[in-house]
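Before any comments, here is the structure.
Every read-out reported here was derived from the displayed coordinates using simple, explicitly stated rules and does not represent laboratory data. Just so we're clear, the structure is a prediction, and the values are computed from it rather than from any experiment. Virtual Cβ from ideal backbone geometry, glycine too; neighbours counted across all protein chains shown.
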Amino acid sequence: MSDDILLTPGPTPLPPQVREAMGRQIIHHRTSAYRACFKRALQGMQQAMQTNNAVVCFTSSGTGAMEAAVVNLLSPGDTAIVVLGGKFAERWQSLCQAYGMTTVTVPVAYGDAVDPQQIALALQAHPQAKAVLTTLSETSTGVVYDIEAIAAITRKTNTVLVVDAISGLLADACETDKWGVDVVVTGSQKGLMLPPGLAFMSVSERAWALVEQSKTPRFYTDLRLYKKSLADDDTPFTSAVPIVVALDEALKLVQQRGVVGMIERCALMAKATRAAAQALGLELFSKRPSNGVTAIKVPAGVDGKQLVKSMYDKSHVMVAGGQGEMAGKIFRFAHMGYISPEDVLAGLRALESALTELGYKFTAGASVKAAQAVFGQALVGAAR
Ligand SMILES: *Cc1c(COP(=O)(O)O)cnc(C)c1O
């Protein structure tokens, strides 16, 4: 339905210029016109990822880049430290298990942020670990980790830091080079405002050294092939041409708003959403909330699955429920990518309507009023 409002942590709504680009006649991927577009897009991605490191582009969902990181950096039998604080962190562990790596886990309660000192201790106990695998924004719990502090620890060791910024990029700060993050992976359908289908990975010099050493069998995701093609602004296999052309357009929007501007915009949506939830007497789930997604506890007596379903059925607003153990206990209201204050307000009206239907008591209009107050203050601030 074209009038659905997606307040989900992927896919996110498409800006008009991206939709227009997706509808254009295709160009061939081995032409100079395409190479120029691909080159510009990857330079734009370096800016978005705040790095001068090479950025590799895969035709896959975000998980494809996570898999590429595991198989290219690690060999079977190698040790990786996995920060285990949500469903997406568990994916790092599953990938390592699938390819025969040993994982040492740093457990983090759902909703909490990892204490960087726990990672320092794990590194002291397992100095042979080749990589720390963690997440910028743990989308399943709405928590953003302090990657700057984590990188300050890994930088002093021989262990590379690999960060899943699939939902975090352009919503929360990710200063790859300044902080010293070796590998960042991301995907197209979240903060980048594109359809699903592209994944990206930035690779530092230290990480390239591991790529050369890895003994894990790999073919489609073999970074050595991508590195060779990159020299000619090319890809080893057929590019997802329309999405790359659309990426080029999306990155123009990122440039107009600026990376910091994009992040501040998400932060404002997040602040308004948190204020709105509190005005309804709802509790936030995350101890260190991300800018991209707000995880809210389902109030006692309300069926969480029904809440999400009712918002969609009655108002065409889609939010995400809880995953795994959090199913039915939380819902996740995303505000990353091409989301406006109007979308957030529409989402809150849908939430109030669903809560009323499910018998929850609150002051009608309180969430919209609280969010509008946050947006209003921002306008006053912007006018000054
Ligand atoms: C969405 C998401 C993924 C998975 O990406 P896919 O594109 O579905 O493969 C992984 N990690 C995080 C943090 C995510 O938000």
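Taking H placed 1.01 Å from N in the peptide plane, check which residues at least 5 places from Thr294 or on another chain put their amide H under 5 Å from its amide H.
Phe333, Ala334, His335
For the chain, take the longest principal axis of its alpha carbons; what is the angle in degrees between that and the long axis of helix 32-48, to the nearest 10 within 0 to 90?
Value to nearest ten degrees: 70.
Return one number: the angle in degrees, 0 to 90 and rounded to the nearest 10, between the long axis of the Cα atoms of helix 241-257 and the longest principal axis of the Cα atoms of the chain.
It is inclined by approximately 60 degrees.
For the chain, take the longest principal axis of its alpha carbons; what is the angle in degrees between that and the long axis of helix 341-357, to the nearest 10 within 0 to 90?
For 341-357 against the chain, the angle is about 60 degrees.
So how much slack lies between Lys178 and Gln256, counting 0.36 nm per residue of separation and subtracting their Cα-Cα distance, in nm? Please list the in-between numbers first.
Working: separation 78, 0.36 × 78 = 28.08 nm, distance 2.23 nm.
Between Lys178 and Gln256, full extension yields an extra 25.8 nm.
Fully extended, how many nm does the chain gain between Glu325 and Lys369 (0.36 nm per residue separation, minus their Cα-Cα distance)? Don't skip to the answer; put the middle values down first.
Working: separation 44, 0.36 × 44 = 15.84 nm, distance 3.25 nm.
Residue separation times 0.36 nm, minus the Cα-Cα distance, leaves 12.6 nm.
Consider all pairwise Cα distances in the stretch 8-130 and report the whole-number % of them above 20 Å.
On the way: 4677 of 7503 pairs.
Counting pairs separated by more than 20 Å, the tail of P(r) holds 62 percent.
Sorted from largest down, give the three principal axis spans of the alpha carbons of the stretch 86-153, whole angstrom values.
29, 27, 17
Which residue, Ala149, Leu284, Gly23, has the largest displacement toward the positive end of the dipole of the chain when charges sit on each Cβ (Lys, Arg +1; Asp, Glu -1)?
Comparing the listed Cα positions along the dipole, Gly23 ranks first.
Provide, for q = 0.19, 0.23, 0.25, 0.30 Å⁻¹, the log10 of I(q)/I(0) from a solvent-free Debye sum over equal Cα point scatterers in the stretch 235-286.
Result of the Debye calculation: -0.75, -0.85, -0.90, -1.05.
Under 17 Å Cα-Cα from Lys314, which lysines qualify once same-chain neighbours fewer than 8 residues away are excluded?
Straight-line reach from Lys314, under 17 Å: Lys305.
Any chance you could list the semi-axes, whole Å, largest first, of the equivalent ellipsoid that the Cα gyration tensor gives for the stretch 336-375, using √(5λ)? List each step's numbers first, then the result.
On the way: eigenvalues 83, 30, 6 Å².
Listed largest to smallest, the semi-axes of the stretch 336-375 are 20, 12, 6 Å.
Pulled fully out, how much extra length does the chain show between Ala152 and Arg35, if you take 0.36 nm times their separation in residues and subtract their Cα-Cα distance?
Details: separation 117, 0.36 × 117 = 42.12 nm, distance 3.66 nm.
Stretched fully, the Ala152-Arg35 segment lengthens by 38.5 nm.
Relative contact order for the stretch 1-93: what percent, with Cα pairs under 8 Å and sequence separation of 6 or more? All intermediate terms of the calculation are to be shown ahead of the outcome.
Working: 22 pairs, mean separation 9.1, N = 93.
Relative CO of the stretch 1-93 lands at 10 percent.
How do 268-274, 136-142, 50-56 rank on mean C-beta neighbours within 10 Å, highest first?
Numbers: 268-274: 24.0, 136-142: 30.1, 50-56: 19.9.
So the order, starting with the most tightly packed, is 136-142, 268-274, 50-56.
To the nearest 500 deg cm²/dmol, what mean residue ellipticity at 222 nm is calculated for the chain from DSSP H runs of n ≥ 4 alone, each contributing -39,500 (n - 2.57), summed and divided by the residues?
Numbers: 14 runs with 172 residues, N = 384.
So the helix-based figure for the chain works out to -14000 deg cm²/dmol.
Measure out, as a whole number of angstrom, how far apart the alpha-carbon centroids of the stretch 85-135 and the stretch 172-242 sit.
21
What residue among Ala199, Phe219, Gly168 has its Cα farthest toward the positive end of the dipole of the stretch 126-271, where the charges are +1 on Lys, Arg and -1 on Asp, Glu, each on the Cβ?
Phe219
Rounding to the nearest 20 debye, state how big the charge dipole of the chain is about its Cα centre with +1 on each Lys and Arg Cβ and -1 on each Asp and Glu Cβ.
Numbers: 36 positive and 33 negative charges, 47 e Å.
For this selection, approximately 220 debye.
Can you tell me the FRET efficiency between Thr102 and Gln377 if r is taken as the Cβ-Cβ distance and R0 is 41 Å, rounded to the nearest 0.05?
Details: r = 50 Å, r/R0 = 1.23.
Here the calculated transfer efficiency is 0.25.
Just need log10 I(q)/I(0) for the stretch 16-257 at q = 0.12, 0.14, 0.16, 0.18 Å⁻¹, Debye formula, equal scatterers on the alpha-carbon atoms, no solvent, rounded to two decimals.
-0.63, -0.86, -1.10, -1.37
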